[in-house]
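Visitor: Attaching a single structure in structure tokens format; questions to follow.
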Amino acid sequence: MKGKLLYILTGILIVIILVIALIVFLKKRKKKHYLNICKRLDTEKNLIGSTPVLLELSKLEPIIKNEKMEEKYQKWQDEFAYIKDEELPKIDDLLIELDTLIDKKEYSLAESKINKCEIGLYKARERANYLLDQVKEITLSEEKYRNIITKLKTKYRQLNKEYQDHKSLYEEMAEAIELQLENIEKRFLEFETAMDQNQYTDVVHIVKALDTMIEHMEIVIEEVPDLLLMCKQMVPKRIKDIEETKTKMENDGYPLDYLSITDNMEEAKKNVNVILDRIKVLNLEDCMFELKTILDYLDSIFVAFEKERLSRKVYEEVSKDFEKKLNKTSKLVTDIYEQLDDIESMYDLNKEDVKIIDEVNKDLTVIKDDHHKMLEKVKNKATPYSLVNDEVETLSNRLKQVESTLDIALKSLGNMYEDEQRAREQLDEIERLLKECKERMREYKLPVIEDRYFVELSEANEAILEVIKELSKKPIGIKTLNTRVDTARDLVLKLYNTTISMIKTAKMSEMAIVYGNRYIGLHTDIEEGINRARNLFFKGDYTSSLNVSIDTIKLVDDNFERKLLTYEKE
């Protein structure tokens, strides 16, 4: 027990020691943290105090040549003195108080002092930096603006040289340009005067003015020759060419009123004169754009001229083809109407067939009227050829539709004639086939002809008579005729098949009976079978006779049926 108690006490003692050590470590660490902050603030204070404002102010002393500059110099010195003598000492006091609070471990109050110190440092730093920038604006001005002016003088000399080398291109603009160049040179002299007197506020405005003037002159030197060329040569020449082309094309019969060329050319001339006036005072804003727009419009007129020439050529070709097709279709419709009474007397036309022809004739009449109106517009030069072409194309499409409808009507009429001719040809074929049936039946003299043959023969004859009757009608009902022909053909084919089958069966039965006679003396069953087959044959029951003969002969010849079939094929 004593040993366990000793272990427990030892453990508790170790924990207490560790906790005390941790507390001591954290306190030292916290103090070190605040000391580092204090050190950083002190460093920042020293940096503010070492701002090179006085160094920059010393550079101003040799160039102070007027009261205005003297006032600024004194003001800046006072401001920096205030920062060093008033603001920074306050920060020093705060830092001392901060050290004391850290030693006393009064960290809550220390945080408040740190915030005040940082705010004071921020204000002092911003004030010192602003003051330094103001002083540098003066100390660096001469070098800065000298560099800018040097570049501007280089640009100016290049512009002046470009102008002098091509002075003839600027024509009456030369005086205004030279005056502007003189103004630029005066500005350079003003710059030198301001720099000598250290009037840096004026220098800024002079440099900006020079930069703007030289930039403007760059545009003037570059664009004025092109602008003058466009105003005095390119645009006037194109206007003249357009007016001459217009006169020639109108004399050749082209309708060009829709282009309003006369009014638009006058407007273009006015706009060019306005632009030229602006160029004379070197106001070049949008001049190039406006002149290019005018030239683009003039070019579009030439495109319109070419389109009219091409459209007229196309119109003359397409119009001829259209008139040929129109005349051809009109003649065809007229011919149909002239023969319509004869066609109606020959065939039983339905109302729909006649209605299609009437509609075609009405549509064709409208197309003719529209075509006549179009020709009048062309004759009166009321519509440009580019639009007339669209009308011709529309009329052509309408005529194609009429032709398509007419083809359907003609096809219907043509089919009626073809059906009639085909019916007559099929009637001849049917009668030939019926005649063949009769001849075959007469050729092979059967002892008895089955009843079904006479029934089918009667039906076929009646069907043929119906076809002949239908063909003799005026007008002919084509649908009824086709039905009658189909019925007659089917019945005659049925009779033909019946005839061929009956004759074939009778022949085979007779052959079997003859073949079986050779075996009559061999067996009484054979004799009885052949006699029965013979009786059936003479009664007209050829199928039964054949079956009895085959069954009887098989008693002595198993291959008889195969031999009979082979012989029949031969």
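The values are calculated or read from the model by the stated rules, or taken from the named source; none is laboratory data. Everything numeric here is computed off the predicted structure, so don't read it as measured data. No Cβ is skipped: glycine too gets one built from the backbone with ideal geometry, and neighbour counts run over all protein chains shown. Side chains included, ligands, DNA and RNA excluded: accessible areas come from the protein's heavy atoms. Shrake-Rupley method; radii C 1.70, N 1.55, O 1.52, S 1.80 Å.
Visitor: Hey, could you pull the Cα Rg and Dmax for the stretch 230-304, both in Å?
Guide: 13.6, 46
Visitor: Okay, next question. By the gyration tensor of its Cα atoms, with a ≥ b ≥ c the square roots of the eigenvalues, what is the shape of the stretch 481-563: rounded for a/c under 1.5, prolate for a/b over b/c, or oblate?
Guide: Cα axes put the stretch 481-563 in the prolate bin.
Visitor: Taking 25 Å as R0, compute the FRET efficiency from the Cβ-Cβ separation of HIS33 and ASN129 and round it to 0.05. It would help to have the intermediate numbers written out before the result.
Guide: Numbers: r = 29 Å, r/R0 = 1.14.
For HIS33 and ASN129, the calculated efficiency is 0.30.
Visitor: Extension gain LYS90-THR150, at 0.36 nm per residue separation less the Cα-Cα distance, in nm?
Guide: Contour length minus Cα-Cα distance gives 16.8 nm.
Visitor: Which of the peptides 385-391, 286-292 is most tightly packed, and how do the rest follow, judged by the mean count of other Cβ atoms within 10 Å per residue? Walk me through the numbers on the way to the answer.
Guide: Numbers: 385-391: 17.0, 286-292: 15.1.
In descending order of packing, they fall as 385-391, 286-292.
Visitor: Between ASN273 and LYS307, what length in nm is gained on full extension when 0.36 nm per residue of separation is reduced by their alpha carbon distance?
Guide: 9.2 nm
Visitor: On a 30 Å Cα-Cα criterion, which of the cross-link pairs LYS307/LYS379; LYS373/LYS400; LYS248/LYS331; LYS45/LYS144; LYS246/LYS325 come out too long? Don't skip to the end; give the middle numbers.
Guide: Numbers: LYS307/LYS379 19 Å; LYS373/LYS400 19 Å; LYS248/LYS331 40 Å; LYS45/LYS144 32 Å; LYS246/LYS325 35 Å.
Table pairs above 30 Å Cα-Cα are LYS248/LYS331; LYS45/LYS144; LYS246/LYS325.
Visitor: Here is a further query. What accessible area per residue comes out for the stretch 192-320, rounded to a whole number of Å², with a 1.4 Å probe?
Guide: Per-residue value: 55 Å².
Visitor: Tell me the label-point distance for the pair ASP211, LYS381, using the 7 Å Cα-to-Cβ offset, in nm and rounded to one decimal.
Guide: According to this spin-label approximation, the distance is 6.2 nm.
Visitor: Label points 7 Å out from Cα along the Cβ direction at LEU109 and ASP551: separation in nm?
Guide: Between LEU109 and ASP551, the simple spin-label model gives 14.8 nm.
Visitor: Could I ask something else about it? Once you place label points 7 Å from the Cα toward the Cβ at ILE449 and GLN74, how far apart are they in nm?
Guide: 16.0 nm
Visitor: On to the next question. Using 0.36 nm times the number of residues separating THR334 and ILE20, minus their current alpha carbon distance, what extension gain do you get? Please list the in-between numbers first.
Guide: On the way: separation 314, 0.36 × 314 = 113.04 nm, distance 12.99 nm.
So the extension gain works out to 100.0 nm.
Visitor: So how far, in whole Å, is the C-alpha centre of the stretch 212-228 from the one of the stretch 501-539?
Guide: Going from one Cα centre to the other spans 131 Å.
Visitor: Could you work out the local net charge near ASP93, counting Lys and Arg as +1, Asp and Glu as -1, over the other residues with Cβ closer than 13 Å to its Cβ?
Guide: So the environment of ASP93 carries a net charge of -2.
Visitor: Further question on the same structure: Tally Lys and Arg at +1 and Asp and Glu at -1 over the other residues with C-beta under 11 Å from the C-beta of ARG278: what net charge comes out?
Guide: Spelling it out: positives minus negatives among the neighbours equals -3.
Visitor: Here is a further query. Determine, from the Cβ-Cβ distance of GLU172 and LYS368 and an R0 of 45 Å, the FRET efficiency 1/(1 + (r/R0)^6), rounded to the nearest 0.05.
Guide: 0.10
Visitor: Quick one: if the Förster radius is 30 Å, what FRET efficiency do GLN158 and THR262 give, using the C-beta to C-beta distance and rounding to 0.05?
Guide: After rounding to 0.05, the efficiency reads 0.05.
Visitor: Where the centroid of each part is defined by its Cα atoms, how far is the stretch 264-326 from the stretch 159-180 in Å?
Guide: Taking the Cα centre of the stretch 159-180 as reference, the centre of the stretch 264-326 is 33 Å away.
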